[in-house]
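The values are calculated or read from the model by the stated rules, or taken from the named source; none is laboratory data. Everything quoted here is computed from the prediction, not taken from an experiment. Cβ: placed from backbone, ideal geometry, glycine included. Neighbour counts: every protein chain shown. Just the protein is used for accessible areas: all its heavy atoms, side chains included, with ligands, DNA and RNA removed. Shrake-Rupley method; radii C 1.70, N 1.55, O 1.52, S 1.80 Å.
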Amino acid sequence: MKYLIKTYGCQFNYSDSERIAAVLEGIGFAPAKGDEDANLVVFNTCSIKQKAEDKVFGRLVKFEQMKRKKKNLIVALTGCMVRKTSTKKSPALEQDKLVKNLVPVDFVFRIEDCANLPELIKEIAPQFKLRGALDEIDSGSLKNYFKIIPKYNSRFQAFVPIASGCDKFCAYCIVPYTRGRERSRPMKEILTECKKLVEDGCKEITLLGQNVDSYGLSFLDRKEKRFKALKPGGKIYFTKLLEAVDKLKTRGLCRVRWTSPHPRDMTDDLISAVKTLKTQMPYIHLPVQAGSDNTLRRMNRPYTVEHYVGLIKKIRKVMPDCSISTDIIVGFCGETKKDFNKSCALYKKIKWDMAYMSKYSMRKYTAAHKIMKDDVPEKEKERRWRALNEIIKACSLGRNRFFLGKTVNVLVERCKNGICEGMSEHSKRTQFAGSPKLIGEIVPVKVKKALEWNLVGKITK
Ligand code: 5AD
Ligand code: SF4
């Protein structure tokens, strides 16, 4: 029995896929080499933009054809596109519309129901002889899938989720509807996972949450009383978590990254922790989304451009060469040319290291879908995307040139045809000539060339 997981979207989904893999291997599945050789294919989907959903629909066409030839091939869907865990055998009223409408899909499951996979497979594919099934899975993981110990994809880098869901309800975003209310994992549980990873040789941990800086502070966190109220003027829970994880440096942990914070919740103590803690890297990803207060207000992003600029100033005052990247949406409902020009002007002012830019894509269920008009024509969204992309490229190149002649430390992720590649402390993708023996090592590289999206250098060890 062979399985294949196709992951789309953000790091959260990649992390979730590691837990799905652990459950499947626990019941006797082995990884497939490719599409042809798989008996069970799981699509871990993303629905942040229509394009992300279309990708999955496109891939499913191929599997519909494959299923005609390979009768016992099972196809499952999970991730943000799924609303209701159900199978082709569930009563019609209980079926998710994906399982009802998509011919090749045998079952779908919400990621929180990941520990129920053995039951779902048994129902839909009794031909599979499952080993161990539910007895091998910690019963706690039936209620809390974070308790499943993942099958990590790398021995030296790992994603560790610290919270699930989102309570921010940005007007354009589907995440609060797909991932539900924000709930933080207990600190002890996160630290146990990190400790085990480090004992097994992990050098870099990326802590994941939709809003890492509201860790321990969500409505449910307070209601369920798993976190005490913060002392006025005290450090936020996320800073405390970073301090606790930092203690693992004596056991071999080198780097701790995190994504994403929300500008409203970013605090001075978090900024100073990035500077002082040894495992913290000089890099912060801080989504701005728009450069005009009018657009931010309509987006339900509760801060002003001035507040955001203030945060950047604070970060740069404490860490002048810290890398800062952002997320920006162009063409949101009601965004005028003037509003868009403000995003461009802000970009030129802040000169972020990098930006993940998207054209606004209307998502069902969101406030924008309910009460706003997707009134920027596609052609104009495209024009804005291209115009801002030119600015992003110029700023990235300018910033990358700062590293020319300097030595950066690269955690080597891969090596192909004699070219090694990995991230520097400042999250700059860096390439240099080297051998696969270096994979998993942190090596000094002298930067010889600065390109728009990466650095090229020579190892100096
Ligand atoms: N359309 C375009 N971009 C979006 N994002 C989230 N929702 C949408 C949408 N409906 C972007 C935001 C967010 C990133 C993960 O995806 O910039 O920060
Ligand atoms: Fe979406 Fe906003 Fe939550 Fe980020 S903070 S996941 S953009 S709703």
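What tally of residues in segment 248-276 results from selecting those that are closer than 16 Å to I162 by Cβ and without any contact (Cβ under 8 Å) to a residue 40 or more places away in the chain?
Qualifying residue count, segment 248-276: 1.
Looking at (1) assigned to a helix (DSSP H, G or I); (2) within 16 Å of ligand 2 (Cβ to nearest atom); (3) open to solvent by 30 Å² or more (accessible area, probe 1.4 Å), which is the one condition that is false for N300?
Going through the list (1) assigned to a helix (DSSP H, G or I); (2) within 16 Å of ligand 2 (Cβ to nearest atom); (3) open to solvent by 30 Å² or more (accessible area, probe 1.4 Å), N300 breaks only (1).
Let's see how each residue does on (1) under 18 Å from K338 (Cβ atoms); (2) in contact (Cβ under 8 Å) with a residue 40 or more places away in the chain; (3) open to solvent by 40 Å² or more (accessible area, probe 1.4 Å):
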residue	(1), (2), (3)
S358	no, yes, no
M362	no, yes, yes
H369	no, no, yes
K379	no, no, yes
R384	yes, yes, no
N409	no, no, yes
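If I ask for residues that are under 19 Å from D246 (Cβ atoms), outside any loop (DSSP other than H, G, I, E, B) and either touching a residue at least 12 places away in the same chain (Cβ under 8 Å) or within 16 Å of ligand 1 (Cβ to nearest atom) (or both), which ones from segment 164-194 would you list? Write out each step before concluding.
Within segment 164-194, the first condition is being under 19 Å from D246 (Cβ atoms), and the residues that meet it are 184-194.
Right, trim to outside any loop (DSSP other than H, G, I, E, B) and you get 184, 187-194.
Those that are under 19 Å from D246 (Cβ atoms), outside any loop (DSSP other than H, G, I, E, B) and either touching a residue at least 12 places away in the same chain (Cβ under 8 Å) or within 16 Å of ligand 1 (Cβ to nearest atom) (or both): S184, M187, E189, I190, L191, E193, C194.
Could you tell me which of the residues L191, L207 is touching a helix residue (DSSP H, G or I) at 6+ places or on another chain (Cβ under 8 Å) and either hydroxyl-bearing (S, T, Y) or under 27 Å from I174 (Cα atoms) (or both)?
Values: L191 fails: either hydroxyl-bearing (S, T, Y) or under 27 Å from I174 (Cα atoms) (or both).
Exactly one residue qualifies, and that residue is L207.
Restricting to segment 350-384, name every residue that is within 10 Å of ligand 1 (Cβ to nearest atom) and in contact with a Gly (Cβ under 8 Å, 6 or more places away or on another chain).
K359, Y360, K381, listed by residue number.
I'd like to check something: does segment 225-235 contain any residue that is surrounded by fewer than 14 Cβ atoms within 10 Å (Cβ to Cβ) and in contact with a Leu (Cβ under 8 Å, 6 or more places away or on another chain)?
The answer is yes, given that some residue of segment 225-235 is surrounded by fewer than 14 Cβ atoms within 10 Å (Cβ to Cβ) and in contact with a Leu (Cβ under 8 Å, 6 or more places away or on another chain).
Of all residues being assigned to a loop (DSSP other than H, G, I, E, B) and of a type in the set (A, V, I, L, M) in segment 146-163, which is nearest to ligand 1 (Cβ to nearest atom)? Just the residue, please. Working first, answer last.
To start, the set of residues in segment 146-163 that are assigned to a loop (DSSP other than H, G, I, E, B) comprises 148-156, 162.
Next, from what is left, pick out any that are of a type in the set (A, V, I, L, M): 148-149, 162.
Values: I148: 25, I149: 27, I162: 17 Å.
Selected residue: I162.
Show the residue pairs that are 6+ apart or on different chains and have beta-carbon atoms under 6 Å apart, the first residue being within segment 65-77 and in contact (Cβ under 8 Å) with a residue 40 or more places away in the chain and open to solvent by less than 40 Å² (accessible area, probe 1.4 Å), the second being hydrophobic (A, V, I, L, M, F, W, C) and not in a loop (DSSP other than H, G, I, E, B).
If the second residue must be hydrophobic (A, V, I, L, M, F, W, C) and not in a loop (DSSP other than H, G, I, E, B), the pairs left are I74/L40; A76/V42; A76/F107.
Within segment 10-34, how many residues turn out to be open to solvent by less than 50 Å² (accessible area, probe 1.4 Å) and in contact with a strand residue (DSSP E or B) (Cβ under 7 Å, 6 or more places away or on another chain)?
Looking only at that region, the number is 11.
Here's the yes/no breakdown for (1) of a type in the set (S, T, N, Q); (2) farther than 30 Å from A273 by Cα:
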| residue | (1), (2) |
| --- | --- |
| L296 | no, no |
| E306 | no, no |
| I315 | no, no |
| V318 | no, no |
| S323 | yes, no |
| K348 | no, no |
| S361 | yes, yes |
| E382 | no, yes |
| W385 | no, yes |
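Does V447 satisfy being touching a Leu at 6+ places or on another chain (Cβ under 7 Å), β-branched (V, I, T) and within 24 Å of S396 (Cα to Cα)?
Numbers: touching a Leu at 6+ places or on another chain (Cβ under 7 Å): yes; β-branched (V, I, T): yes; within 24 Å of S396 (Cα to Cα): yes.
Yes; evaluated as a whole, the condition is true for this residue.
Failed condition for S323, given (1) small (G, A, S); (2) more than 16 Å from ligand 2 (Cβ to nearest atom); (3) touching a residue at least 60 places away in the same chain (Cβ under 8 Å); (4) open to solvent by 10 Å² or more (accessible area, probe 1.4 Å), with all others met?
(4) is the only condition that S323 fails.
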